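Novice: The structure's right below; bear with me while I get my questions together.
The values are calculated or read from the model by the stated rules, or taken from the named source; none is laboratory data. The structure displayed is predicted, hence computed values, not measured ones. Counting neighbours? That spans all protein chains shown, and the Cβs are built from the backbone with ideal geometry, glycine included.
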DNA sequence: TTGATATATTCCGATATGGGTATACGATGC
DNA sequence: GCATCGTATACCCATATCGGAATATATCAA
């Protein structure tokens, strides 16, 4: 138990730049493995291995077509990432800066009125 | 060159569940290390190490206060993640489903007219 | 059947990683 | 100065992971 599993979820799958490249390449449609090999300039086994990881977290689907294996993006698996990181959007979005100020003011007011719990 | 660097960017920093927990814990304000230790139920050295990674990718800032080290969230470092994953939002958002249909129709039409390249 | 093409799997070696434990370092208090 | 608290670092170990090369598997062609 020296190291927690890593490639088991979308966050880890996507932590690898090559895998993000693969997903990006699949963004505009299905692609065969060799197609990706050419696009990414990686060795074929490496690509297959990355695709396996992406498959295991559900980020891509496969479909056999003759001797080819066509991979297709399944962005649904990325939703958890989006959901998580969205919570931090306020940290960089000016749109939220103003909102934060307002919330602060409200909190102050509540405290002044009769805020108690917590 | 057997393995690419991993913890060097925000994607990797955040791939580790504990580190996400730490960020989540910092969401509502500065916290001292021991505070996080208690909150996460991890050993102190582990927490310090995770904090180091988060610091190195800029996801947290530190401030010395007496013998304490107060860590504060810096969500700005997470923006690249948000930006990247946002591009895939259409994959799960129904709001985009209809748009995709329309685009498909347009593509079909173009092909019928005089589509050629690729 | 044999051969070629497309892809997946296996084995290997190098390295990064995370947890555990001990220890070093810095600030504070006595 | 010495003890203590809060935190960071060093060291070790087990394992995961990546890339590379070789090989296995599947499909199609002749």
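Novice: Could you tell me whether any residue of the range A:104-113 is outside any strand (DSSP E or B), at negative phi, within 14 Å of another protein chain (Cβ to nearest Cβ) and more than 15 Å from the chain's Cα centre (by Cα)? Steps first, answer last, please.
Specialist: Just the residues of the range A:104-113 that are outside any strand (DSSP E or B), to begin with: A:104-113.
If we keep only those that are at negative phi too, we end up with A:104-113.
Of the ones still in play, those that are also within 14 Å of another protein chain (Cβ to nearest Cβ) are A:104, A:107.
With the extra rule that they be more than 15 Å from the chain's Cα centre (by Cα), the set shrinks to A:104, A:107.
Yes, that holds for at least one residue.
Novice: Among the residues in the range B:90-98, are any touching a strand residue (DSSP E or B) at 6+ places or on another chain (Cβ under 9 Å) and within 11 Å of chain A (Cβ to nearest Cβ)? Can you show your working first?
Specialist: Of the residues in the range B:90-98, the ones touching a strand residue (DSSP E or B) at 6+ places or on another chain (Cβ under 9 Å) are B:91.
Restricting the remaining residues to those that are within 11 Å of chain A (Cβ to nearest Cβ) gives B:91.
Yes: one or more hits.
Novice: Here's another thing I want to ask about it. Looking only at the range B:64-95, count how many residues are more than 10 Å from DNA strand D (Cβ to nearest atom) and outside any loop (DSSP other than H, G, I, E, B). I'd like the intermediate steps shown before the answer.
Specialist: Of all residues in the range B:64-95, those more than 10 Å from DNA strand D (Cβ to nearest atom) come to B:72-95.
Now restrict to residues that are outside any loop (DSSP other than H, G, I, E, B): B:72-73, B:75-86, B:89-91, B:94-95.
Number of matching residues: 19.
Condition check ((1) modelled with pLDDT of 95 or more; (2) in contact with a strand residue (DSSP E or B) (Cβ under 9 Å, 6 or more places away or on another chain); (3) within 10 Å of chain B (Cβ to nearest Cβ); (4) closer than 21 Å to residue B:84 by Cβ) across all residues:
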site	(1), (2), (3), (4)
A:1	no, no, no, no
A:4	no, no, yes, no
A:7	no, no, yes, yes
A:15	yes, no, yes, yes
A:23	yes, yes, yes, yes
A:36	yes, yes, no, yes
A:51	yes, yes, no, yes
A:54	yes, yes, no, yes
A:57	yes, no, no, yes
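Novice: Restricting the search to the range A:8-24, which residues are in a loop (DSSP other than H, G, I, E, B) and more than 13 Å from DNA strand C (Cβ to nearest atom)? Before the answer, list the steps.
Specialist: First, the residues of the range A:8-24 that are in a loop (DSSP other than H, G, I, E, B): A:8-9, A:16.
If the condition is that a residue be in a loop (DSSP other than H, G, I, E, B) and more than 13 Å from DNA strand C (Cβ to nearest atom), then A:9 is the only one that fits.
Novice: Looking at A:36, A:40, A:73, can you tell me which residue is farther than 27 Å from residue B:27 by Cβ and within 15 Å of the chain's Cα centre (by Cα)? Break it down stepwise before answering.
Specialist: Values: A:36 fails: within 15 Å of the chain's Cα centre (by Cα); A:40 fails: within 15 Å of the chain's Cα centre (by Cα).
Every option except A:73 fails the conditions.
Novice: Please go through (1) within 13 Å of DNA strand C (Cβ to nearest atom); (2) on the phi > 0 side of the Ramachandran plot; (3) within 11 Å of chain B (Cβ to nearest Cβ) for residue A:29 and return the number of the only condition it doesn't satisfy.
Specialist: It fails just one condition, (1).
Novice: On the basis of being within 30 Å of residue A:19 (Cα to Cα) and at pLDDT below 95, does residue B:99 make the cut? Even if it seems obvious, please write down each step before you answer.
Specialist: Values: within 30 Å of residue A:19 (Cα to Cα): yes; at pLDDT below 95: yes.
Judged against the criteria, residue B:99 is a match.
Novice: Hey, another quick one. Tell me whether the range B:85-94 contains one or more residues that are near DNA strand C (Cβ under 9 Å from one of its atoms) and under 16 Å from residue A:91 (Cβ atoms). Write out each step before concluding.
Specialist: To start, the set of residues in the range B:85-94 that are near DNA strand C (Cβ under 9 Å from one of its atoms) comprises none.
Scanning the range B:85-94 turns up no residue that is near DNA strand C (Cβ under 9 Å from one of its atoms) and under 16 Å from residue A:91 (Cβ atoms).
Novice: Which one of the conditions (1) modelled with pLDDT of 95 or more; (2) touching a helix residue (DSSP H, G or I) at 6+ places or on another chain (Cβ under 6 Å) does residue A:92 fail to meet, given that it meets all the rest?
Specialist: Of the numbered conditions (1) modelled with pLDDT of 95 or more; (2) touching a helix residue (DSSP H, G or I) at 6+ places or on another chain (Cβ under 6 Å), the odd one out for residue A:92 is (1).
Novice: Count, please, the residues in the range A:25-54 that happen to be touching a residue at least 40 places away in the same chain (Cβ under 8 Å) and either part of a helix (DSSP H, G or I) or within 7 Å of DNA strand D (Cβ to nearest atom) (or both). Break it down into steps so the answer makes sense when it comes.
Specialist: Step one: filter the range A:25-54 for residues touching a residue at least 40 places away in the same chain (Cβ under 8 Å), giving A:26-27, A:29-31, A:53-54.
Okay, now just the ones that are also either part of a helix (DSSP H, G or I) or within 7 Å of DNA strand D (Cβ to nearest atom) (or both), so A:26, A:53-54.
The qualifying residues number 3.
Novice: Kindly provide the set of residues from the range A:36-83 that are farther than 16 Å from residue A:19 by Cα, touching a helix residue (DSSP H, G or I) at 6+ places or on another chain (Cβ under 7 Å) and more than 15 Å from DNA strand C (Cβ to nearest atom), ordered by number.
Specialist: If the condition is that a residue be farther than 16 Å from residue A:19 by Cα, touching a helix residue (DSSP H, G or I) at 6+ places or on another chain (Cβ under 7 Å) and more than 15 Å from DNA strand C (Cβ to nearest atom), then A:80, A:82 are the ones that fit.
Novice: Right, next: So residue A:69 passes all but one of these: (1) more than 14 Å from residue B:92 (Cα to Cα); (2) at pLDDT 85 or above; (3) within 9 Å of another protein chain (Cβ to nearest Cβ). Which condition number does it fail?
Specialist: All conditions are met except number (3).
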